[in-house]
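These notes are about the structure you will find just below.
Laboratory data are not the source of any read-out in this text; all were calculated from the coordinates shown. Quick caveat, the model's predicted, so the values are computed rather than measured. Neighbour counts are summed over all protein chains in view; Cβ atoms, including those assigned to glycine, are modelled from backbone coordinates with ideal geometry.
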Amino acid sequence: MDYGMIGKIEKARRYAEEPRRITFRTFQVEFRGDNDSYTIDFNENGWHCSCPGFKSHRICPHCMTLEKLLEPMLKRPPLPYGPGQNVVSDIEKARRYSDERDRIRFVSFDVTFHGENSDHNFGIASEKWHCDCDFFHSRSVCSHTMAMERLLAGMMGVPISHAH
């Protein structure tokens, strides 16, 4: 029995119940909308979606969906509605999309986890997890990555790598 791993699995469960500990710095998502698939980028400069609605209004149902699903982890105010935007339709679409998480696939992300003793940076790049904690360096898995897998269940671009 690997008691070190059991402890990390239990810690991951607790961490997943505290999403406010996580701050997204960047992410890229592939989003399957009703009419086409789009790429959404989030970084220090804000949001970008490849859909026509975002090009017109600087907001769209795809970004609104991610704002709703990731709200405690974004640490920034929601995008303002755009002039001429069909707000009611977009809100209804975003609400429906947020219940259909299989439309969303995280391609990459970087987050900061605000731990009890220190902060850790981790995420996914090139379909591989990375984390700066010692446990991850020795095992290629840690409580931070396992917690994120729980939080992003159904939206992960990389296969879930751990049984928990």
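At-a-glance table
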quantity	calculated
For region 22-105, alpha-carbon Rg relative to the globular expectation (2.2 N^0.38 Å, N residues)	0.99
Local electrostatic count at L79 - Lys and Arg +1, Asp and Glu -1, tallied over other residues with Cβ under 10 Å	+1
Karplus-derived 3J(HN,Hα), 6.51/-1.76/1.60, for each residue of region 15-31, Hz, glycine and proline x	4, 5, 7, 10, x, 5, 5, 9, 10, 5, 8, 8, 7, 10, 10, 9, 10
Relative packing of peptides 13-21, 77-85 - highest average C-beta neighbours within 10 Å first	13-21, 77-85
Contact order normalised by residue count of region 33-109, Cα under 8 Å, 6+ apart, percent	25
Neighbourhood net charge (14 Å Cβ-Cβ; Lys/Arg +1, Asp/Glu -1) for S89	0
Whole-number percent relative contact order across the chain, with pairs defined as alpha carbons under 8 Å at least 6 apart	26
For the chain, built as a Gaussian network whose Cα springs stay under 10 Å, the top-fluctuating residue of S108, S118, S56	S118
